[in-house]
Amino acid sequence: MGGGVGDWIVRRALRRPEATALVDCDTGRRLSYRELEDSVAALSAALHELGVRRGDRVAMLMENSPAFVQVLLAAAGLGAIAVPINFRLAAPEISYLLADSGAVALAVSDRFAELAGVALADGEHGVRRVIT
């Protein structure tokens, strides 16, 4: 453990596994540190399997939610860099940010799937994988 954001959740889960880590404001569902650690580990493994490596950019077109935190921590756990994108931007602006950031993957909330599709349609970016 290097002590950074990437393993912060592991340390918290070891100390207080049943304590509440996140609360979903929409549903009221609470995630314990153990549940958060498990979901982040699974997402990190999935990102790695998709080819995301240390130093890669993972763009995020998501609302503020537990899923946003999970993607952020999963990317950090791999040594990848999370690139949050404001969902209020227009598709051409999102497309520009994807290209400019060098993102290799894009995590998208269901709510923004259509917007992401339009932004990705021009093909002027390096996004190889879309994660929903």
Solvent exposure of the chain as accessible area per residue, Å², 1.4 Å probe
56
Counting only DSSP beta bridges with both partners in segment 48-132, the antiparallel fraction in percent, to the nearest 5, comes to 0
Give the share of C-alpha pairs in each 10 angstrom bin for the chain, from 0 to the last occupied bin, in whole percents, shortest bins first.
13, 42, 32, 12, 1
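Compute, for the chain, the length of the dipole vector about the Cα centre, with Cβ point charges of +1 (Lys, Arg) and -1 (Asp, Glu) only. Units Debye, rounded to 20. Don't skip to the answer; put the middle values down first.
Numbers: 14 positive and 16 negative charges, 107 e Å.
Computed charge dipole of the chain: roughly 520 debye.
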Could you compute the net charge surrounding A80? Neighbours are other residues with a C-beta less than 15 Å from the C-beta of A80; K and R count +1, D and E count -1.
+2
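Can you list which of the trypsin sites (Lys or Arg not before Pro) found in segment 25-132 are DSSP loop residues with at most 12 other C-beta atoms within 10 Å? Write down the numbers at each step before the final one.
Values: sites: R29, R30, R34, R53, R54, R57, R88, R111, R128, R129; in loops: R29, R53, R54, R88, R128.
In loop regions of segment 25-132 (DSSP not H, G, I, E or B), the sparsely surrounded trypsin sites (Lys or Arg not before Pro) are R29, R53, R54, R88.
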When the accessible area of segment 1-108 is split by element with a 1.4 Å probe, what percent falls to carbon and sulfur?
53
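The values are calculated or read from the model by the stated rules, or taken from the named source; none is laboratory data. These numbers were taken from a predicted model, which means no experiment stands behind them. Note that each Cβ is placed from the backbone with ideal geometry, even for glycine, and that neighbours are counted across all protein chains shown. Side chains are part of the model used for accessible areas, which takes the heavy atoms of the whole protein and leaves out ligands, DNA and RNA. Shrake-Rupley method; radii C 1.70, N 1.55, O 1.52, S 1.80 Å.
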